[in-house]
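Working notes, structure below.
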Amino acid sequence: MAFLMNQGRSVAYRLLGSEANPLVLLAHPLGMSQAVWDELLPALLPRYRVLTWDLPGHGASQAWGAAPITPADLAAEALALVEHAGASRFHFAGTSIGGVVGQQLISEHAERLLSVTLTNTGAVIGNAELWRTRAERIRQEGLAAMAEEIVPRWFAPACFEAEPALKAGWCTQMGRGEDDSYARLCEMLGSHAFTGKLAGKPVRVQLLGGSEDLATPPATLAALAAELGGASLEILEGTGHVPSVEAPGLFADKLLAFLQAA
């Protein structure tokens, strides 16, 4: 892991693979960390250079601070990392709030993108009241206290049955996050949408969802596909909100096939 100072904050990132290969930037879900991509690395690194990072107040990245967070802020941080890596154009893949970063890049920086894979996300995720309530509870109760309630929504029930330690592990990871940064990201999700902002952009986009996803169900992905002018959409059966953790082999196959076609 390495660190980059950006806008007065330390951002934790990993840059792996040969400089001669095309760059793939990966953005993780809310409450998790760049570790969600670990199982994909063996499949990606022979052909691609891979850049991952931790969102504000997540993993080893410094907390955000007092100002609100916007999708433009997160996209700017992503582009700062890409420029630090020395790349002009890149492939992008993001899950959940990571997919929101991808939508901001499509909307405002399409010329930088070689391809985009968005998973388990939406032009609109949830609603303002849901996110406002969660932000308030996080500030009052803390991430460690709420992790037991939130983490089970990330995975299909069968995934927990097959890996009993998975819930405890991700509850521990989530509980180590910085409460206010997480709350500000919740407020961002409740106050920003990409309705009407994505059509007509010259970017190849692949959408993946999970049949068991409670946070961004298949209908949310279908609505996003329509916003993107009919982008390809596939629902992965038996998976929940985080396919890179639940079905890394299948997800790697889908991503690699799309990258190679692009």
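No lab work stands behind these numbers, since they all come straight from the coordinates. For clarity, every value in this text was computed on a predicted model and none was experimentally measured. FYI the Cβ positions are ideal-geometry reconstructions off the backbone, even for glycines, and counts take in every protein chain you see.
Miscellaneous remarks
- Fully extended contour minus Cα-Cα distance, from SER191 to GLN7, at 0.36 nm per residue: 64.0 nm
- Pairs of Cα atoms nearer than 8 Å and 6+ residues apart set the relative contact order; for the chain it is 21 percent.
- Reachable lysines, given that their alpha-carbon falls under 29 Å from the alpha-carbon of LYS167 and they are not under 8 places away in the same chain: LYS254
- Relative contact order computed over region 1-140 (Cα-Cα under 8 Å; 6+ residues apart), in percent: 23 percent
- Bridging of LYS197 to aspartates and glutamates at a Cα separation below 14 Å is possible for GLU108, GLU227, once same-chain residues fewer than 8 apart are set aside.
- Distant-in-sequence amide contacts of GLN206, defined by a placed amide H-H separation under 5 Å and a gap of 5 or more residues or a different chain, comprise VAL116, THR117, LEU118.
- Summing Cβ point charges (Lys, Arg +1; Asp, Glu -1) relative to the Cα centre of the chain gives a dipole of roughly 600 debye.
- Difference of contour (0.36 nm per residue) and Cα-Cα distance, ARG139 to ARG153: 3.0 nm
- Net length available on complete extension from HIS84 to ALA219 is 44.9 nm, with 0.36 nm assigned per residue and the Cα-Cα distance removed.
- Computed from backbone phi with θ = phi - 60° and the Karplus coefficients 6.51, -1.76 and 1.60, the 3J(HN,Hα) list for region 148-155 is 4, 7, 8, 4, x, 6, 7, 10 Hz; x is used for glycine and proline.
- Neighbours of THR52, meaning other residues whose beta-carbon lies under 14 angstrom from its beta-carbon, give a summed charge of -2 when Lys and Arg score +1 and Asp and Glu score -1.
- Sum of side-chain charges, THR133 neighbourhood, beta-carbon under 14 Å (Lys, Arg +1; Asp, Glu -1): -1
- Taking the fewest neighbouring Cβ atoms within 10 Å as the starting point, the ordered list for HIS192, HIS91 is HIS192, HIS91.
- Spatially, region 80-115 and region 171-237 are offset by 15 Å when compared through their Cα centroids.
- Gyration tensor verdict on the chain (Cα atoms; rounded if a/c is under 1.5, prolate if a/b is larger than b/c, oblate otherwise): rounded
- Longest exposed-site-free window of the chain, the sites being GluC sites (Glu not before Pro) in a DSSP loop that have at most 15 other C-beta atoms within 10 Å: 20-236
- Restricting attention to the chain, close to 30% of DSSP beta bridges with both partner residues there are antiparallel.
- Helix-only [θ]222 nm of the chain, DSSP H runs n ≥ 4, -39500 (n - 2.57) each, per residue, nearest 500: -12500 deg cm²/dmol
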